[in-house]
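Undergrad: Pasting in a structure now, in structure tokens, and then I'll have a few things to ask.
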Amino acid sequence: MKRILFVEDNEVLLQLYSIMLSSERDQWETTVAPDGQAAMELLRHSAFDVVASDMQMPGMSGIELLTEVRKMHPQTSRIIISGVSDQAAAADSLNCTHLFIPKPFEVDTLRATLARIVSLDAYLKDDKLRGLAGKMRSLPSFPMVYLEIIQEIESPNSCVSNIAKIIAKDPAITAKILQVANSAAIGLPEPVNDPMEAVSQLGMTTVRSLALSAQVFSSFKPGRLKHFSAETLWTHLMNSGDLARTIMRRERADFIESEDAFTAGMLHDIGQLMLADSLPDEFEKALALAETEKISLPEAELEVFGATHTGLAAYLFGLWGLPAAIVEAVAFHHDPVKSDLKEFTALTAVHVANALSDETESANLNLDYLELIGVADRLNDWRDTAAELRSEQMA
Ligand SMILES: [Fe+2]
Ligand SMILES: [Fe+2]
């Protein structure tokens, strides 16, 4: 039984949280507090597994509260529940929150996020992982282009040309988006050479996810390594994102889940780029070790660094406050059984896409996991899907 404290100044929402979790009564004991002060009072007398707080409240803000929670009870998981416009502020408060739930949210999002927290948080709290993250040359700050696009999409008069203008400000992102718009998979008769056309071809939400991965990708500049190519990785990420989203759609996942799978697929190996950028010699050693010992890359990384590329990227994305579904899919893409959520999610799609998007990786598939969540019989369909996407790309 886990104890959760919700802190929210809106009375209606506060009641809603308790009602939402009432169906999970055997797993969650819910306590509510109307503001930061009341929450502090409760926290002085008892410990909670999770504190989920609104961002903007009169008196103490959510960030101030969670900063205090961190000092008082470092083992408590801290979640910020807030509107998109607060996301940059939440992301700036490094270390104060573990996860982010965007408002407004569906009952199922809250439930799934809570189910994810336990496994994800234990994973991200690992000391070796934190030590490795501390060795990174620098952790890039929140990708603002992504945020600007989200805000534009959510504004009542959002339009393609405004999104094109946001993208055009950043040449690295523009180049990547034009490259994708011109890929054979889309099959356009004429080449696309301006951002406006690219946005209308690809769609606003695809461009949003692409801009995120392009910006993250371009913030790391690895030198030349014998066993690693940033270009190959970029292609792998694009293919995985594409396949993960297609699988989600085939399984009739909703729009948000499919987009989360796309985004997570495009980001899942960013940790490799981080290692190649900050610790190239050691990363080269891990790559060589995986090859000579015939072990997986995460296993080799554990030997060399004590932590893995999956943890590193999940750590960064957790700090940025990306949605829990994305952080989870990145964190466990090699080892999905580690997630507490035993159902078909973006994690499943990213795990499968990582293995199937390039023919060579299929050894990475965890059949026991697919069996466990009851989708093993879908695998042949997904293999066909992967083959179709690959042949489109070759065409
Ligand atoms: Fe990976
Ligand atoms: Fe991968």
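The values are calculated or read from the model by the stated rules, or taken from the named source; none is laboratory data. Remember, predicted model here, so these are calculated numbers, not experimental data. Every residue, glycine as well, gets a Cβ built from its backbone with ideal geometry; the counts of neighbours run over all protein chains shown.
A quick yes/no check of all residues on (1) without any contact (Cβ under 8 Å) to a residue 24 or more places away in the chain; (2) surrounded by 17 or more Cβ atoms within 10 Å (Cβ to Cβ); (3) within 13 Å of ligand 2 (Cβ to nearest atom):
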| site | (1), (2), (3) |
| --- | --- |
| 327 | no, yes, no |
| 335 | no, yes, yes |
| 340 | no, no, no |
| 350 | no, yes, yes |
| 354 | no, yes, yes |
| 377 | yes, no, no |
| 385 | no, yes, no |
| 388 | yes, no, no |
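Here's the yes/no breakdown for (1) outside any loop (DSSP other than H, G, I, E, B); (2) modelled with pLDDT of 90 or more; (3) away from ligand 1 (no atom under 14 Å from the Cβ); (4) more than 25 Å from residue 128 (Cα to Cα):
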{"residue": "313", "(1), (2), (3), (4)": "yes, yes, no, no"}
{"residue": "316", "(1), (2), (3), (4)": "yes, no, yes, no"}
{"residue": "319", "(1), (2), (3), (4)": "yes, no, yes, no"}
{"residue": "326", "(1), (2), (3), (4)": "yes, yes, yes, no"}
{"residue": "342", "(1), (2), (3), (4)": "no, no, yes, yes"}
{"residue": "360", "(1), (2), (3), (4)": "yes, no, no, yes"}
{"residue": "377", "(1), (2), (3), (4)": "yes, yes, yes, yes"}
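Undergrad: Among the residues of region 331-340, write down those that are in a helix (DSSP H, G or I) and within 13 Å of ligand 1 (Cβ to nearest atom). Give the derivation first.
TA: Quick first cut of region 331-340, residues in a helix (DSSP H, G or I) only: 331, 336-338.
Those that are in a helix (DSSP H, G or I) and within 13 Å of ligand 1 (Cβ to nearest atom): 331, 336.
Undergrad: Would you confirm, using the coordinates I've provided, whether residue 235 is under 16 Å from the mean Cα position of the chain (by Cα), among the β-branched types (Val, Ile, Thr), in the same structural domain as residue 317 (by TED's automatic domain parsing) and modelled with pLDDT under 95?
TA: no
Undergrad: For region 1-26, what are the residues that are outside any helix (DSSP H, G or I) and without any contact (Cβ under 8 Å) to a residue 40 or more places away in the chain?
TA: 1, 25, 26
Undergrad: Counting only residues that are in contact (Cβ under 8 Å) with a residue 24 or more places away in the chain, surrounded by 15 or more Cβ atoms within 10 Å (Cβ to Cβ) and assigned to a helix (DSSP H, G or I), how many does region 289-300 have?
TA: Residues that pass the stated criteria total 2.
Undergrad: Return a yes/no flag: does region 274-281 have any residue that is within 16 Å of ligand 2 (Cβ to nearest atom), of a type outside the set (A, V, I, L, M, F, W, C) and either farther than 24 Å from residue 348 by Cβ or modelled with pLDDT of 95 or more (or both).
TA: Within region 274-281, the first condition is being within 16 Å of ligand 2 (Cβ to nearest atom), and the residues that meet it are 274-276.
Within this subset, residues satisfying the condition of being of a type outside the set (A, V, I, L, M, F, W, C) are none.
Scanning region 274-281 turns up no residue that is within 16 Å of ligand 2 (Cβ to nearest atom), of a type outside the set (A, V, I, L, M, F, W, C) and either farther than 24 Å from residue 348 by Cβ or modelled with pLDDT of 95 or more (or both).
Undergrad: If I filter region 209-236 down to residues being surrounded by fewer than 23 Cβ atoms within 10 Å (Cβ to Cβ) and of a type in the set (A, V, I, L, M, F, W, C), which single residue comes out as nearest to ligand 2 (Cβ to nearest atom)?
TA: Result: 233.
Undergrad: So which of 344, 262 is of a type in the set (A, V, I, L, M, F, W, C) and free of Cβ contacts under 8 Å to residues at least 60 places away in the same chain?
TA: Working: 344 fails: free of Cβ contacts under 8 Å to residues at least 60 places away in the same chain.
Selected residue: 262, the only one of 344, 262 that is of a type in the set (A, V, I, L, M, F, W, C) and free of Cβ contacts under 8 Å to residues at least 60 places away in the same chain.
Undergrad: If you take just the helices (runs of 4 or more DSSP H) that sit entirely in region 42-145, which of them hold at least 3 residues that are modelled with pLDDT under 75?
TA: Of the helices (runs of 4 or more DSSP H) lying wholly inside region 42-145, those with at least 3 residues that are modelled with pLDDT under 75 span 87-92, 107-124.
Undergrad: Do the conditions hold for residue 269, that is, is it in the same structural domain as residue 212 (by TED's automatic domain parsing), within 15 Å of ligand 1 (Cβ to nearest atom) and within 19 Å of residue 210 (Cα to Cα)?
TA: Considered against the rule, which asks whether it is in the same structural domain as residue 212 (by TED's automatic domain parsing), within 15 Å of ligand 1 (Cβ to nearest atom) and within 19 Å of residue 210 (Cα to Cα), residue 269 comes out as yes.
Undergrad: Is it the case that some residue within region 211-229 is more than 30 Å from residue 281 (Cβ to Cβ) and touching a residue at least 24 places away in the same chain (Cβ under 8 Å)? Walk me through how you get there before you give the answer.
TA: Here is the first cut: in region 211-229, the ones more than 30 Å from residue 281 (Cβ to Cβ) are 211.
Among the residues that remain, those that are also touching a residue at least 24 places away in the same chain (Cβ under 8 Å) are: 211.
Looking through region 211-229, at least one residue is more than 30 Å from residue 281 (Cβ to Cβ) and touching a residue at least 24 places away in the same chain (Cβ under 8 Å).
Undergrad: Residues being more than 12 Å from ligand 1 (Cβ to nearest atom) and assigned to a helix (DSSP H, G or I): count how many of those fall in region 301-311.
TA: 4
Undergrad: Still on this structure: Scanning region 274-288 for residues that are more than 25 Å from the chain's Cα centre (by Cα) and either within 12 Å of ligand 1 (Cβ to nearest atom) or touching a residue at least 24 places away in the same chain (Cβ under 8 Å) (or both), which turns out surrounded by the most Cβ atoms within 10 Å (Cβ to Cβ)?
TA: Filtering first and then ranking leaves 284.
Undergrad: Continuing with this model, one more query. Among the residues of region 249-273 satisfying the criterion of being in a loop (DSSP other than H, G, I, E, B) and within 15 Å of ligand 2 (Cβ to nearest atom), which is surrounded by the fewest Cβ atoms within 10 Å (Cβ to Cβ)?
TA: My answer is 269.
Undergrad: Another question, if that's okay. Please pick out the residue among 181, 172 that is farther than 30 Å from residue 343 by Cβ, surrounded by fewer than 19 Cβ atoms within 10 Å (Cβ to Cβ) and touching a residue at least 12 places away in the same chain (Cβ under 8 Å).
TA: Going through 181, 172 in turn, the sole match is 172.
Undergrad: Which residue out of 212, 178, 237 is within 16 Å of ligand 1 (Cβ to nearest atom) and assigned to a helix (DSSP H, G or I)?
TA: When all the criteria are applied, what remains is 237.
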